[in-house]
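Here the structure comes first, spelled out in structure tokens, and everything after it is commentary.
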Amino acid sequence: MKAILVAVVAIVLAGCASYSGRGLAPGQSSAAEVEAVMGPPAERSHSANGETVLWFPRFPFGRQSYAARIGADGKLIAIEQRLTPENVARLQPGRTTAKEVHDLLGPPWREDAYPRLAREIWTYPMMASDPTPKHFYVQFSGDGVVRELYLLDDPDWRARDSFE
């Protein structure tokens with residue numbers, strides 16, 4: 001029984017350590033090591049300078065989206081948590097495109113189309129400056145440009161909170 005408990009604790013601790021890429025070293029860790037620690041990426045994107053970004057969103061229960069930037073040499077440049085109030089503030093209605101939002105924040109948790117309104121809404125679960133979990137909604141028009149941004153309390157969190 002004690003051996004089982006020790007094994008379970010070790011597995012849980014290993015899972016926690018790999019959630020954000022803890023233990024990986026920029027300039028030393030390879031792309032394969034990043035995937036071994038963080039799991040398979042949800043997406044991969046490539047840039048003209050040879051850099052690859054491996055996306056590790058932790059949705060729907062987590063509120064982080066990690067971008068592991070890999071250099072042309074196959075080594076880790078950095079792991080960045082992209083769902084931050086600072087990155088959200090960089091988005092500009094009427095100017096920022098869907099590609100720019102994706103490149104900055106990563107793949108959304110949900111993509112909902114509203115064809116009658118000629119709109120699409122991307123949802124990102126995240127945390128802001130207060131302790132209440134949030135949903136960040138990015139609304140695009142048919143031309144793929146941001147039209148509206150909303151940072152609202154997570155509706156599911158409120159529902160759970162009211163029943164306790």
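I'd like the residue in the range 97-150 that is in contact (Cβ under 8 Å) with a residue 24 or more places away in the chain and open to solvent by 80 Å² or more (accessible area, probe 1.4 Å) and, out of all such residues, is nearest to residue 51 (Cα to Cα).
The extreme case among them is 99.
Restricting to the range 21-48, name every residue that is open to solvent by less than 60 Å² (accessible area, probe 1.4 Å) and hydrophobic (A, V, I, L, M, F, W, C).
Result: 24, 25, 31, 34, 37, 38.
Answer yes if at least one residue in the range 68-76 is open to solvent by 70 Å² or more (accessible area, probe 1.4 Å) and either assigned to a loop (DSSP other than H, G, I, E, B) or more than 26 Å from residue 49 (Cα to Cα) (or both), and no otherwise.
Yes, because at least one residue in the range 68-76 is open to solvent by 70 Å² or more (accessible area, probe 1.4 Å) and either assigned to a loop (DSSP other than H, G, I, E, B) or more than 26 Å from residue 49 (Cα to Cα) (or both).
For residue 3, which of the numbered conditions (1) under 12 Å from the mean Cα position of the chain (by Cα); (2) at pLDDT below 95; (3) open to solvent by 40 Å² or more (accessible area, probe 1.4 Å) fails to hold?
(1)
For the range 49-58, state whether one or more residues are loosely packed, with under 15 Cβ neighbours inside 10 Å, in a strand (DSSP E or B) and more than 18 Å from the chain's Cα centre (by Cα).
no
Would you confirm whether or not the range 123-132 contains a residue that is within 27 Å of residue 30 (Cα to Cα) and among the aliphatic types (A, V, I, L, M)?
No, the range 123-132 contains no residue that is within 27 Å of residue 30 (Cα to Cα) and among the aliphatic types (A, V, I, L, M).
In the list 120, 148, 111, which residue meets the criterion of being under 17 Å from the mean Cα position of the chain (by Cα) and of a type in the set (Asp, Glu)?
Of the residues listed, the single one that is under 17 Å from the mean Cα position of the chain (by Cα) and of a type in the set (Asp, Glu) is 111.
Of all the residues that make up the range 77-96, how many are basic (Lys, Arg) and open to solvent by less than 50 Å² (accessible area, probe 1.4 Å)?
The qualifying residues number 1.
Looking only at the range 77-96, which residues are over 26 Å from residue 49 (Cβ atoms) and in contact with a strand residue (DSSP E or B) (Cβ under 7 Å, 6 or more places away or on another chain)?
Passing the criteria: 93, 94.
Restricting attention to the range 113-155, which residues are among the basic types (Lys, Arg) and either over 13 Å from residue 83 (Cα atoms) or in contact with a helix residue (DSSP H, G or I) (Cβ under 7 Å, 6 or more places away or on another chain) (or both)?
116, 119, 147
The values are calculated or read from the model by the stated rules, or taken from the named source; none is laboratory data. This one's a predicted model, so the numbers in the text were calculated from it and none came from an experiment. Note: ideal-geometry Cβ built from the backbone for every residue, glycine included; neighbour counts use all protein chains shown. For accessibility, only protein heavy atoms count, side chains too; no ligands or nucleic acids. Shrake-Rupley method; radii C 1.70, N 1.55, O 1.52, S 1.80 Å.
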